[in-house]
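Worksheet: the structure to be examined is printed underneath.
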Amino acid sequence: MSASSLCLYRPLITALFFSRRRLISSSLSSSLPLVRVWSYSSSHSSNGPTPPPAIVEKMEEQTIGVAKVDTLKQKMELLGILCNDSCVPGRYTNLLCPKCNGGPSMERSLSVHIVQKGDLAMWRCFRTDCSWGDQVFIDGRAAHNEVKKIVQFSGQMTEESLRLEPPGEKITAYFSERMISDETLRRNAVMQRSGDKDIIAFTYKRNGLLVGCKFRSIEKRYWKEKGSEKTLYGIDDINDAAEIIFVEGEIDKLSVEEAGFCNCVSVPDGAPGKSSNKLPPVEKDSRYQYLRSCKQHLDKVSRIILATDNDKPGQALARDIALRLGTHRCWQVSWPKKDESSYYKDANEVLRHMGPDALRKVIENAKPYQLCISDRVVSSDKHKPERIPAS
């Protein structure tokens with residue numbers, strides 16, 4: 001490591017750890033569930049010569065549970081920190097920062113450290129215009145900033161811990177009436193509360209991990225599991241998508257999939273009461289924090305189709321998304337007429353009354369989004385949406 005690199009990392013190392021430690025890891029036997037790690041500490045007079053290592057070093061064997069380290073890595077992955085095999089306890093690893101993506105040069109500016117015992121992981125981005133830092137604990141203690149919203153439970157949220165099971169006849173019949181197939185329910189891991197045949201469970205997953213769950217009674221009463229992450233429903237379906245479709249609810253996401261588009265996500269909290277031309281400061285824009293947490297996915301998207309509800313809140317939601325993600329890459333669907341005096345409200349209504357082919361055409365005929373700001377119209381070029389099949 002060069003002298004300049006050492007100077008860059010020394011402030012963090014000094015601030016976090018006041019003693020010097022070197023860690024030597026032994027090989028991991030395939031038959032053992034634990035990784036053995038040895039550490040030693042040294043102390044000597046600053047005025048005298050440095051004693052030989054054999055005298056200074058006192059080896060102390062410690063064991064680190066692999067499961068603990070894996071849990072820390074999973075929690076970091078929820079925040080976009082993708083740990084690799086070099087992320088081992090006691091070492092500093094440089095990774096790509098999910099907040100700034102390493103700047104124009106895409107440098108690995110995020111220094112990640114898992115403490116020796118595997119109880120804590122911490123990180124800091126050393127780019128001056130980012131400086132993102134935080135930490136996660138193995139025991140569920142609250143950390144700072146975004147981590148607080150995720151690390152509110154001990155261990156990983158699972159279907160078993162939430163007492164979920166595959167949907168029964170009553171719930172599958174409910175979705176069948178809405179033209180949503182059992183295959184689509186399985187693909188999106190739609191479940192029900194164990195022992196309660198009237199409660200639908202929409203599971204929110206990121207990188208295949210369960211990070212949240214929204215419950216809905218058949219009578220249309222909603223609530224969320226405590227500790228659920230606020231993210232887009234179906235986020236894993238747009239990992240490699242260049243074009244995506246935004247809808248207002250989970251059932252609309254499933255409906256769009258029935259029309260052949262799997263590159264669709266739903267907002268987690270529905271639509272706002274009203275919109276505004278002026279964007280609030282980032283720290284006050286809490287309602288749309290989920291857009292910032294999905295920045296890695298959204299930044300690489302070239303085209304966004306807004307298929308929100310055909311009412312005032314739905315139009316306000318479309319406007320808010322367009323302002324935050326860029327009107328130049330947004331298109332908007334126009335829901336067809338239901339009769340002489342009214343229009344269909346959303347994707348599921350079109351699917352139920354007109355069928356999947358009609359819904360597909362509505363989406364394919366989306367028009368460039370237009371937003372008037374101070375008598376100035378901002379719009380995009382017309383383009384056909386990309387259909388991405390289910391994997």
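Looking at ASN263, ASN277 in this structure, which one is touching a residue at least 60 places away in the same chain (Cβ under 8 Å), surrounded by fewer than 20 Cβ atoms within 10 Å (Cβ to Cβ) and in contact with a strand residue (DSSP E or B) (Cβ under 7 Å, 6 or more places away or on another chain)? Talk me through it step by step, then tell me what you get.
Details: ASN263 fails: surrounded by fewer than 20 Cβ atoms within 10 Å (Cβ to Cβ).
Going through ASN263, ASN277 in turn, the sole match is ASN277.
Looking only at region 231-260, residues that are charged (D, E, K, R), in contact with a Phe, Trp or Tyr (Cβ under 7 Å, 6 or more places away or on another chain) and buried (at least 24 other Cβ atoms within 10 Å of the Cβ) come to 1 in all. If you go through region 197-224 and keep only what is exposed (fewer than 14 other Cβ atoms within 10 Å of the Cβ) and not basic (Lys, Arg), you end up with ASN207, GLY208, SER217, ILE218, GLU219, TRP223.
Note on region 254-290: among residues that are under 26 Å from LEU351 (Cβ atoms) and of a type in the set (A, V, I, L, M), the one that is modelled with the lowest pLDDT is ALA271. Remark: pairs (first residue in region 76-103, among the β-branched types (Val, Ile, Thr); second residue assigned to a loop (DSSP other than H, G, I, E, B); Cβ separation under 8 Å; 6+ apart in sequence or on different chains) = ILE81/PRO98; THR93/CYS83; THR93/ASN84; THR93/SER86; THR93/CYS87. Listed here are the strands (runs of 3 or more DSSP E) enclosed by region 257-337 that have at least 1 residues being closer than 29 Å to LEU185 by Cα and among the aliphatic types (A, V, I, L, M): 264-266, 303-306.
Listed conditions (1) surrounded by 15 or more Cβ atoms within 10 Å (Cβ to Cβ); (2) in contact with a strand residue (DSSP E or B) (Cβ under 6 Å, 6 or more places away or on another chain) are all met by ASN348, apart from (2). Only residues that are touching a Gly at 6+ places or on another chain (Cβ under 9 Å) and over 15 Å from SER86 (Cα atoms) were counted in region 123-134, giving 5. Here GLY227 meets each of (1) crowded, with 20+ Cβ neighbours inside 10 Å; (2) within 17 Å of the chain's Cα centre (by Cα) with one exception, condition (1). Restricting SER293, SER374, SER341, SER391 to those that are in contact with a helix residue (DSSP H, G or I) (Cβ under 8 Å, 6 or more places away or on another chain) and either at pLDDT 90 or above or more than 20 Å from MET179 (Cβ to Cβ) (or both) reduces the list to SER293.
Among residues that are within 23 Å of GLU177 (Cβ to Cβ) and either buried (at least 17 other Cβ atoms within 10 Å of the Cβ) or modelled with pLDDT of 90 or more (or both), ASP320 is not included. Within region 223-248, if we keep just the residues that are in a strand (DSSP E or B) and of a type in the set (D, E, K, R), the residue that is nearest to LEU162 (Cα to Cα) turns out to be LYS224.
Kindly provide the set of residues from region 178-222 that are touching a residue at least 60 places away in the same chain (Cβ under 8 Å), of a type outside the set (A, V, I, L, M, F, W, C) and part of a helix (DSSP H, G or I), ordered by number.
Scanning region 178-222 gives THR184, ARG187.
The values are calculated or read from the model by the stated rules, or taken from the named source; none is laboratory data. Every value quoted in this text rests on a predicted model; they were computed, and no experiment measured them. Don't worry about glycine lacking a Cβ; one is built from the backbone with ideal geometry, like all the others, and counts go over all protein chains shown.
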